[in-house]
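Step one of this worksheet: look at the structure below.
We did not get these values from a lab; they are worked out from the coordinates using the rules stated. Treat the numbers as computed from the prediction; the structure is a model and nothing was measured. Here Cβ is always computed from backbone atoms with ideal geometry, including for glycine, and neighbour counts include all displayed protein chains.
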Amino acid sequence: MGAALVTALAVGTLLAAPALLRGRATGGTVAAVLAAVPEFLFALVLLLAVGVWQGWLPTSGWAGPAHLVLPAVALGVPAGALLGRLVADALPAVLGERWVELWRGAGTGRWRIAGAAVRRAMPALAGQFGMVAVGLTGGAVAVETVFAVPGIGRTALGAATSQDLPLLQGCVLALLGLGLLAGTAASLVRRRLIGPASREAGLGLPAPAPRRIPRAVPVGLAVLLAGVIGWGLLRDPYAVDVAARLAAPSPGHPLGADALGRDVLARLGHGAAATVGTAAAVTCVSWLVAVALGFVPGVAAGLADVANALPPVLTGLLVAAVTGPGSGAAALAVTLVSWPPLAAHAAALVQEIRASRFLLAQRAIGAGPLWVWTRHVLPSVAGPVARHAVLRLPGIALALASLGFLGLGARPPSPEWGLLLDESADYVERAPVPALAPAAALALLAALAVCLSSSVGGPRARARPLLRLRLPSVVASRKVRPLVPPHATPPARTPRAPAAGGRSADRLP
């Protein structure tokens, strides 16, 4: 976990640096594609390319520091891409605040402003770093299986499959303890970063400033993904051609054939509904739960720490033990563990809103609680959390694919994308196209999610920034008594004589 976390921080820093240096939002496509790469597939590619073909690092076992490199890279790169994308999405709004302009005018150095901006953006994201740290430990079952690492995730998987209840209980308690420890540490760091502003209502919320991506980009990605899926739906995913086993791409099989001679394009198209549709439904449910729990931050923080400590694989094992393995069990397991990051984000935003200046200003002009909640608080929480949820859509699809890869999701001969990756993993060296086709589809889905996240909640947030009070609309409300009588007229202005040099004194700066 430590080595993977260091790798994730390095990757996240590299991906967030352009947004920090340019002061504006970046597309985030590279980060989204890296975050959408399945860890187990990335681990297989590293094992073959670095361990087998080049022989630079060991491919399995746990005997020294050299055995640490490949698992840490396989886990750290996707996690770092997610963290880098979240930080890069938060920095432009911070750099657009008034204090940055004042600091620049006062001659403050560029690097000091950059450090202060990062510190300003961290309170809302501190919980995400803690959750990633726990996820690197509990969610590494597939990577530990690929590299034969005797980690706690692989130990829990072995204990569950062999019905070793005491060992499984010990693994679960260790993961829960680690999750609570990481959540407590993240909460302390967040309070330290905010400082006394949370008690003195001296915190100003940055207005979200997502980058506007040209409409042609998401439309093109959607057309490409829909075209591939639609083309595959026209073909038979279960037809077996023994003579075409592991065949390369050809006119008869545009994406090749799998180990049984079935068309990969057909299976990819028919599996999209099971993977993408289920991931979209899980994302919507997680967003609703997160927004609801975000308004009770104390309850959300504790529940999120406990739920986040359980990896999807272990939750899938528990659910499968009760309901049996299948697509429904996999969807339920991923739903149970996918809402904590969103709930932590929502709770952090709610706490910052409660500590912000604009609430005092709204109360001062007589705005009622319902007005403030519906017109300011709820849009300020729902929009950023919705963008975060869309960004996690590929990750949820990956979690479903991971359960399918480990045999806890859809069962053969279903064309679910996780099963496609599992079935082609043993033949990735001989037939790389069938193995990379589902990964490429997930990368397209991730790029499309980034484009959609830039538009979710964007125009509304920019049209109604939190720190700019809309006094006319508030005063026009029947629930608010105007502070100045409507019949009052401004005092008459007495003209002054022109000053020396022919310039009016009223026009002096």
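Taking N as the number of residues in the range 385-427, what value does Rg over Cα atoms divided by 2.2 N^0.38 Å take?
1.32
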Express the Stokes-Einstein translational diffusion coefficient of the range 67-157 in µm² s⁻¹, to the nearest whole number, given a Kirkwood radius over alpha-carbon pairs, 25 °C and a viscosity of 0.890 mPa s. 158
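Based on the mean of other Cβ atoms within 10 Å per residue, sort peptides 105-114, 49-58, 262-271, 415-424 so the most packed one is first.
415-424, 262-271, 49-58, 105-114
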Along the range 327-337, Karplus-curve 3J(HN,Hα) (6.51, -1.76, 1.60; θ = phi - 60°) to the nearest Hz, with x for Gly and Pro, reads 5, x, 5, 5, 5, 5, 5, 5, 5, 5, 10
Charge sum, other residues only, whose C-beta stays under 15 Å from Asp263's C-beta, Lys/Arg counted +1 and Asp/Glu -1: 0
Read phi for every residue in the range 59-64 and hand back ³J(HN,Hα) as whole Hz from Karplus 6.51 cos²θ - 1.76 cosθ + 1.60, θ = phi - 60°, with x for Gly and Pro. 9, 7, x, 8, 10, x
Going by amide H atoms built from the backbone, whose H comes under 5 Å of the H on Leu255, apart from near neighbours? Ser250, Val264, Leu265
All other residues with a Cβ under 14 Å from the Cβ of Phe40 taken together, and with Lys, Arg as +1 and Asp, Glu as -1, what is their net charge? -4
Expected sort for 85-96, 272-283 on mean C-beta neighbours within 10 Å, highest first, is 85-96, 272-283
Backbone HN-Hα couplings from phi across the range 428-434 [Karplus 6.51/-1.76/1.60, Hz, Gly and Pro as x]: 5, 6, 7, 10, x, 5, x
Using only alpha carbons, build the gyration tensor for the range 1-120 and give me the equivalent ellipsoid semi-axes, biggest first, whole Å. 37, 14, 10
